[in-house]
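Peer 1: Attaching a single structure in structure tokens format; questions to follow.
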Amino acid sequence: MSDELVIDVAGLTKSFGGRKVVDNFDLKVPRGAIYGFLGPNGSGKTTTIRMVCGLLKPESGSGRVLGLDVLSDSRRIKERVGYMTQKFSLYEDLSIRENLEFIARLYGLDRRGERVDQALADLGLAERQHQVAGKLSGGWKQRLALAACMIHEPDLLLLDEPTAGVDPKARRDFWDQIRRYSAQGVTTLVSTHYMDEAVQCDSIAYIAYGKKLLDAPTADIPGKIGLRAWRVAGRPLQQAQALLERSPGVELVARFGAEIHVCGHDGALIAAAAARASAAYPHVKIEEIEAGFEEIFIYLMAGSADNFQ
Amino acid sequence: MKLPAIPALHLPELDISWARVMAVFLKELVQMRRDRPTFAIMIAMPIMQLVLFGYAINTDPRHLPAVVEMREDGPMTRAFLASLRASSFVDIVAVARREEEAEAMLRSGRVSYIVAIPEGFERRLVRGERPQILIAADASDPVAAGGAIGAIEAVARTAFAPEFEGALAHLAREPPPYEIVVQRRYNPAGISAFNIVPALLGIILTMTMTMITSIALTREAERGTMENLLATPVRPLEVMIGKTTPYVFVGAVQVVIVLLVSSLLFQIPFTGSMLAFVIGVGLFIFANLMLGYLISTAARTQMQAMQMTFFVFMPAILLSGFMFPFRAMPDWAQAIGEALPITHFLRIVREVVLKAAGLPDIVGDLGPLALITLVLAAAALLRFRRTLD
């Protein structure tokens with residue numbers, strides 16, 4: 001395997017109905033990494049993941065996944081990839097156990113009963129194994145889906161918004177599980193909408209309008225974006241917010257409880273806006289803070305991120 | 001004291017808003033327009049029915065194929081043959097010299113009649129011995145058999161009339177100086193159940209096998225499970241075999257039920273080879289499963305799959321020889337019929353059940369049936385998308 005890169009693709013492009021959904025996409029994911037895949041809805045995350053696991057054929061581009069050619073070797077890639085779809089895609093009229101046995105058979109696994117038992121135990125599904133999948137809650141369905149895509153012990157996990165619609169406790173358990181897999185050397189590419197999940201990733205690739213705009217270790221992201229932030233508190237907050245939102249240079253105004261955070265790249269413009277707001281509303285306190293991951297995440301997910309590279 | 005108010009006659013259910021009616025109406029229109037295949041079938045269905053019923057189907061069967069078994073070649077028999085050829089009731093497809101030849105054609109269904117003129121016909125006619133003209137009709141389809149028998153008598157009358165002149169004028173009398181003997185083969189009593197019940201097996205299998213498999217893939221796509229299936233290393237052929245095989249057993253149970261009912265309730269004799277029957281019916285079940293599977297690669301919703309199934313089911317009933325004599329249809333309709341699995345199956349089942357046919361007799365229909373099955377399976381495999389594109 002070339003330098004232990006599990007995913008090494010370049011120039012992936014895909015259009016639907018004449019619109020480029022994914023445009024010239026490159027990605028390098030090292031072995032054992034948890035790679036976060038961020039972007040607004042419709043930005044091309046699902047399409048990219050499907051191209052990586054061979055469910056969609058890229059129009060152009062090339063690369064290797066698990067050392068195999070992504071264009072010509074998709075069958076062998078599928079044997080070693082666990083793909084968890086965004087929408088639950090197991091059989092609702094089969095029981096948990098029947099679903100897992102079906103998947104285990106498709107991968108031609110030996111010691112099938114044993115593996116299914118193990119998967120059920122690992123994910124705490126043992127007592128529910130004879131329950132029909134359609135009757136499970138979102139969190140349990142998600143556990144089942146993860147168990148199904150792990151049963152053949154894949155080297156690469158592709159998770160497409162795995163925790164959408166799942167309660168916070170189940171999400172935390174889910175991530176603990178992903179961490180354990182990662183420690184065993186499993187590589188994970190996970191798309192998400194949640195900031196608390198994004199910060200758990202080793203690296204983040206950010207995609208908007210089908211183009212990758214950012215790709216860096218999670219810790220480096222704030223520095224890369226170079227966003228500056230000001231905290232605004234006091235009364236009347238609503239009016240101050242309205243004034244700041246209209247000011248030039250202000251790219252993001254986000255409410256955090258009793259305060260608002262104002263962000264932008266041009267410090268001078270925002271300082272001027274802050275001065276105007278202070279003059280208009282003397283009881284409002286404005287001070288510069290360090291832009292945290294919260295602000296950056298909101299900024300990224302708002303899709304207003306065309307102007308950095 | 002307060003008097004109870006008299007309730008006004010008011011039916012809240014009739015209190016409707018036309019704006020909301022309009023909203024629902026417009027939404028339905030948009031949804032109807034989006035579902036192109038359903039719309040296309042709704043338009044194509046009446047056209048197909050009109051054409052099939054109007055042109056293809058002929059309840060007054062004409063042009064049924066016949067073989068003439070000529071044991072004598074003289075001026076009178078030649079005149080008779082010429083008249084038969086000119087008649088629109090039968091089409092003489094062959095002139096046989098040997099009995100076995102003609103019999104084989106009747107059993108295989110290539111002809112509906114044998115018209116046999118015995119040796120020494122003319123000599124015995126002139127002597128006033130009333131020789132026989134034998135008409136053997138394939139009565140496994142009583143409708144087809146009935147039609148032309150009377151017609152052949154009329155043809156004989158007009159054919160011989162010009163011959164009975166001069167020295168032979170004494171032959172122009174009633175009853176005619178020859179005798180027409182009609183044999184109804186395979187179903188001497190002309191019981192229509194003999195024709196319909198074995199054929200119903202074909203209809204039942206076409207309907208259930210095709211319908212069940214037509215949603216095989218459609219259901220996976222509709223429920224979203226297709227994405228998971230495609231993400232595994234499973235191959236299209238594996239999916240096809242795995243998905244259709246369970247229904248082979250369902251089909252086998254249906255076959256047993258029909259056979260039991262037809263022998264216990266309708267007393268239909270099973271005259272032919274069981275091996276030939278099993279091979280024929282097995283191949284036919286596969287053909288229908290492949291047809292259904294092909295539909296399921298094309299339909300986007302289960303609803304569309306049902307409609308497409310019904311769409312192919314129509315010609316299966318009308319053009320296969322199930323309801324109307326196959327040989328009486330125009331050539332183009334017969335050509336379509338030949339492409340339908342059920343057409344060949346109906347011939348096989350009638351031959352085996354009623355005409356005591358064995359494996360060699362049905363090879364002529366097993367071949368096309370196998371070819372149709374292979375084409376359907378190949379088309380389904382080609383259409384199966386390995387990706388979500």
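Values quoted throughout were computed directly from the atomic coordinates according to the rules given, and no laboratory measurement underlies them. Just so you know, these numbers come straight off a predicted model, no measurement behind them. Every residue, glycine among them, receives a Cβ derived from its backbone with ideal geometry; neighbour counts consider all protein chains shown.
Peer 1: Are there any helices in chain B, counted as whole DSSP H runs, that stretch 18 Å or more along their axis by Cα and score at least 0.0 on average by Kyte-Doolittle, and if so which? Could the numbers behind the result be given before it?
Peer 2: Working: long enough: B:18-34 (24 Å, 0.30); B:36-51 (23 Å, 1.36); B:142-160 (28 Å, 1.12); B:192-214 (32 Å, 1.56); B:236-264 (42 Å, 1.56); B:274-298 (36 Å, 2.04); B:302-318 (25 Å, 1.14); B:341-354 (19 Å, 1.00); B:359-383 (35 Å, 1.62).
Span-like helices, by this rule, are B:18-34, B:36-51, B:142-160, B:192-214, B:236-264, B:274-298, B:302-318, B:341-354, B:359-383.
Peer 1: State the percent of C-alpha pairs, over all pairs in the protein assembly as shown, separated by a distance greater than 51 angstrom.
Peer 2: Numbers: 101797 of 243253 pairs.
Result for the distance tail: 42 percent.
Peer 1: Hey, could you pull the Cα Rg and Dmax for the stretch B:192-383, both in Å?
Peer 2: Rg, Dmax (Cα atoms, Å): 17.1, 54.
Peer 1: Further, regarding this structure: Cα gyration tensor of the stretch A:1-118, axes a ≥ b ≥ c as square roots of the eigenvalues: rounded (a/c below 1.5), prolate (a/b > b/c) or oblate? It would help to have the intermediate numbers written out before the result.
Peer 2: On the way: a/c = 2.16, a/b = 1.53, b/c = 1.42.
Prolate, because a/c is 1.5 or more and a/b exceeds b/c.
Peer 1: Give the distance, in whole Å, between the Cα centre of the stretch A:61-112 and the Cα centre of the stretch A:182-239.
Peer 2: A separation of 29 Å, based on Cα centres.
Peer 1: The stretch A:244-298 to the stretch B:85-151: how many Å between their Cα centroids?
Peer 2: 103
Peer 1: What is the mean number of Cβ atoms from other protein chains located within 10 Å of the Cβ atom of each residue in peptide A:83-91, rounded to a whole number?
Peer 2: On the way: counts 5, 2, 6, 2, 5, 4, 10, 5, 5.
The per-residue average across the peptide is 5.
Peer 1: Among the listed pairs A:K78/A:K224; A:K141/A:K212; A:K14/A:K224; A:K45/A:K135; A:K45/A:K141; A:K14/A:K78, which have their C-alpha atoms separated by more than 25 angstrom in this model? The partial results should precede the final answer.
Peer 2: Values: A:K78/A:K224 35 Å; A:K141/A:K212 31 Å; A:K14/A:K224 28 Å; A:K45/A:K135 29 Å; A:K45/A:K141 22 Å; A:K14/A:K78 20 Å.
As for pairs spanning more than 25 Å Cα to Cα, those are A:K78/A:K224; A:K141/A:K212; A:K14/A:K224; A:K45/A:K135.
Peer 1: Quote the FRET efficiency, to the nearest 0.05, computed for A:A280 versus B:M32 with a Förster distance R0 of 41 Å and r equal to the Cβ-Cβ distance. Before the final figure, lay out each step's value.
Peer 2: Details: r = 57 Å, r/R0 = 1.39.
The formula returns an efficiency of 0.10 here.
Peer 1: Antiparallel as a % of all DSSP beta bridges within the protein assembly as shown, to the nearest 5?
Peer 2: On the way: 42 of 77 bridges.
Roughly 55 percent of the beta bridges in the protein assembly as shown run antiparallel, per DSSP.
Peer 1: Compute the relative contact order of the stretch B:192-383 as a whole-number percentage, counting only Cα pairs closer than 8 Å that sit 6 or more residues apart in sequence.
Peer 2: Details: 245 pairs, mean separation 67.3, N = 192.
Relative contact order comes out at 35 percent.
Peer 1: Taking each residue of B:229-242 in turn, how many C-beta atoms of other protein chains fall within 10 Å of its C-beta, and what is the average?
Peer 2: Working: counts 6, 9, 15, 13, 13, 6, 1, 0, 0, 1, 1, 0, 0, 2.
Per residue, the average neighbour count from other chains is 5.
Peer 1: Pop the C-beta distance of B:L275 and B:R85 into the FRET formula with R0 = 35 Å and round what comes out to the nearest 0.05.
Peer 2: Working: r = 40 Å, r/R0 = 1.13.
It comes out at approximately 0.30.
Peer 1: While we're looking at this one, here's another question. Could you state, as a whole-number percent, how many of the C-alpha pairs of the stretch A:2-218 are farther apart than 31 Å? Don't skip to the answer; put the middle values down first.
Peer 2: Values: 4125 of 23436 pairs.
Looking at the stretch A:2-218, the distances longer than 31 Å represent 18 percent of pairs.
Peer 1: Only Lys, Arg, Asp and Glu count, each charged at its Cβ (+1, +1, -1, -1), so figure out the dipole size of the stretch B:192-383 about its Cα centre, rounded to 20 debye. If you can, show how the numbers build up before the last one.
Peer 2: On the way: 10 positive and 9 negative charges, 32 e Å.
The dipole of the stretch B:192-383 has a size of about 160 debye.
Peer 1: Something else now. Taking the Cβ-Cβ separation of A:N24 and A:H265 as r and a Förster radius of 25 Å, what is the calculated FRET efficiency to the nearest 0.05? Walk me through the intermediate numbers first.
Peer 2: Numbers: r = 25 Å, r/R0 = 1.00.
The calculated FRET efficiency here is 0.50.
Peer 1: Would you please classify the overall shape of the stretch B:64-185 from the alpha carbon gyration tensor, given that a ≥ b ≥ c denote the square roots of the eigenvalues, rounded means a/c under 1.5, and beyond that prolate means a/b larger than b/c while oblate covers the rest? Write down the numbers at each step before the final one.
Peer 2: Values: a/c = 1.98, a/b = 1.69, b/c = 1.17.
Taking the square roots of the gyration eigenvalues as a ≥ b ≥ c, the stretch B:64-185 is prolate.
Peer 1: Compute the label zone of B:R300 within the stretch B:203-235: residues whose backbone N is under 16 Å from the point 7 Å along Cα-to-Cβ.
Peer 2: B:218-224
Peer 1: Now for a separate question. Are there GluC sites (Glu not before Pro) in the stretch A:226-309 that DSSP marks as loop and that have at most 15 other Cβ atoms within 10 Å, and which are they? Kindly include the intermediate steps, with their values, before the conclusion.
Peer 2: Numbers: sites: A:E245, A:E251, A:E259, A:E287, A:E288, A:E290, A:E294, A:E295; in loops: A:E251, A:E290.
Answer by residue number: A:E290.
Peer 1: Mean separation of Cα pairs under 8 Å and 6+ residues apart, divided by the residue count of the stretch A:228-290: what relative contact order is that in percent? Provide the component values of the computation, followed by the final result.
Peer 2: Details: 110 pairs, mean separation 30.7, N = 63.
That works out to 49 percent.
Peer 1: Still on this structure: Multiply the residue separation of B:I191 and B:E100 by 0.36 nm, subtract the distance between their alpha-carbon atoms, and state the gained length in nm to one decimal.
Peer 2: On the way: separation 91, 0.36 × 91 = 32.76 nm, distance 2.63 nm.
Full extension of this stretch gives 30.1 nm more.
Peer 1: Rg over Rh of chain B, using C-alpha atoms and the Kirkwood radius, what does it come to? Please report the intermediate quantities before stating the final value.
Peer 2: On the way: Rg = 28.9 Å, Rh = 24.7 Å.
Here Rg/Rh amounts to 1.17.
Peer 1: Still on this structure, please answer the following. Which whole-number percentage describes the relative contact order of the stretch A:1-100, with Cα contacts under 8 Å and a sequence gap of 6 or more? The partial results should precede the final answer.
Peer 2: Values: 139 pairs, mean separation 27.5, N = 100.
Value for the stretch A:1-100: 28 percent.
Peer 1: When the chain is fully extended, how far beyond the present Cα-Cα distance does B:A370 get from B:L200, taking 0.36 nm per residue of separation? Working shown, then result.
Peer 2: On the way: separation 170, 0.36 × 170 = 61.20 nm, distance 2.08 nm.
Full-extension gain reported as 59.1 nm.
Peer 1: What's the whole-number percent of alpha carbon pairs in the stretch A:180-281 lying beyond 23 angstrom?
Peer 2: Working: 2262 of 5151 pairs.
Percent of Cα pairs beyond 23 Å in the stretch A:180-281: 44.
Peer 1: Hey, another quick one. Evaluate the charge dipole of the stretch A:2-218 about its Cα centre and quote only its size in Debye, nearest 20, assuming +1 on the Cβ of each Lys and Arg and -1 on the Cβ of each Asp and Glu. Intermediate results must be reported in sequence, preceding the final value.
Peer 2: Working: 30 positive and 29 negative charges, 92 e Å.
That gives a dipole near 440 debye.
Peer 1: Kindly identify the stretch A:242-297 as rounded, prolate or oblate by the Cα gyration tensor criterion: order the square roots of the eigenvalues as a ≥ b ≥ c, call it rounded if a/c is under 1.5, otherwise compare a/b with b/c, prolate if a/b is larger, else oblate. List each step's numbers first, then the result.
Peer 2: Numbers: a/c = 1.75, a/b = 1.27, b/c = 1.38.
Oblate, since a/c reaches 1.5 and b/c is not below a/b.
Peer 1: Compute the distance from the alpha-carbon center of the stretch B:36-60 to that of the stretch B:195-273, in whole Å.
Peer 2: 26
Peer 1: Within the stretch B:58-119, report the trypsin sites (Lys or Arg not before Pro) that DSSP leaves as loop and that have at most 13 other Cβ atoms within 10 Å.
Peer 2: Details: sites: B:R62, B:R71, B:R78, B:R85, B:R97, B:R98, B:R107, B:R110; in loops: B:R62, B:R71, B:R97, B:R98, B:R110.
Answer by residue number: B:R97, B:R98.
Peer 1: Considering only DSSP states other than H, G, I, E and B, which trypsin sites (Lys or Arg not before Pro) in the stretch B:149-224 qualify as loop sites with at most 16 other Cβ atoms within 10 Å? Spell out each step's value before the answer.
Peer 2: Values: sites: B:R157, B:R173, B:R184, B:R185, B:R219, B:R223; in loops: B:R173.
When the trypsin sites (Lys or Arg not before Pro) of the stretch B:149-224 are filtered for loop state and at most 16 Cβ neighbours within 10 Å, B:R173 remain.
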